[in-house]
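Peer 1: What follows is a structure written as structure tokens; I'll ask about it next.
Please treat every number below as a calculation from the coordinates, not as lab data. These numbers were taken from a predicted model, which means no experiment stands behind them. When we count neighbours, we look across all protein chains shown, and the Cβ atoms used for this are built from the backbone with ideal geometry, even at glycine.
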Amino acid sequence: MPDIDVDLDDLDTIATGLGEAATALEGLRFPDGPDAGLVSPGITSLLGQLATSTGNVASSLSAASENVAQSRLYYQRADAESSATLEQINQAMED
């Protein structure tokens, strides 16, 4: 089985980037609808769909950010556990 090596700082960078992208999208504001004559209802509908889609992408980015951050904690814990010495393991079992 191949070794898996993950740089914890890289995971932090990824989680932060995803979170910042989600925040930027969540901050977008769309106009209520333009005065475009006969096509106003169509444009207003398109803006509503765009706002909904943007919200969905922002939610997905936020969830991905949280998952990457959680994965970082798991990798950090796994690294710490795998580097424990036999003495540390015996001591933990006695406690």
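Peer 1: If I fit a long axis through the Cα atoms of helix 8-26 and take the longest principal axis of the Cα atoms of the chain, what angle between them do I get, 0 to 90°, rounded to 10?
Peer 2: Relative to the chain, helix 8-26 is tipped by roughly 20 degrees.
Peer 1: Just to be sure I understand: if I project the alpha-carbon convex hull of the chain onto a plane and average over all orientations, what area do I get in nm²?
Peer 2: One quarter of the hull surface, i.e. the mean projection, equals 10.1 nm².
Peer 1: Sticking with the crude label model, points 7 Å out along Cα→Cβ, report the distance from Q88 to D9 in nm, one decimal please.
Peer 2: 2.2
Peer 1: How many nm separate the modelled label positions at S59 and E81, each set 7 Å beyond the Cα in the direction of the Cβ?
Peer 2: About 3.3 nm separates the two model spin labels.
Peer 1: Report the one residue of N67, L25, S83 whose Cα lies farthest in the direction of the positive end of the charge dipole of the chain (charges on C-beta: Lys and Arg +1, Asp and Glu -1; origin at the Cα centre).
Peer 2: L25
Peer 1: Here is a further query. Which one, G55, P34, V6, is farthest towards the positive end of the dipole of the chain when Lys and Arg carry +1 and Asp and Glu -1 on their Cβ?
Peer 2: Working it through, the farthest residue towards the positive pole turns out to be P34.
Peer 1: Quick one: helix 40-82 against the long Cα principal axis of the chain, what's the angle to the nearest 10°, folded into 0 to 90?
Peer 2: It works out to around 0 degrees.
Peer 1: Also, I was wondering about something else. Compute, for the chain, the length of the dipole vector about the Cα centre, with Cβ point charges of +1 (Lys, Arg) and -1 (Asp, Glu) only. Units Debye, rounded to 20.
Peer 2: 740
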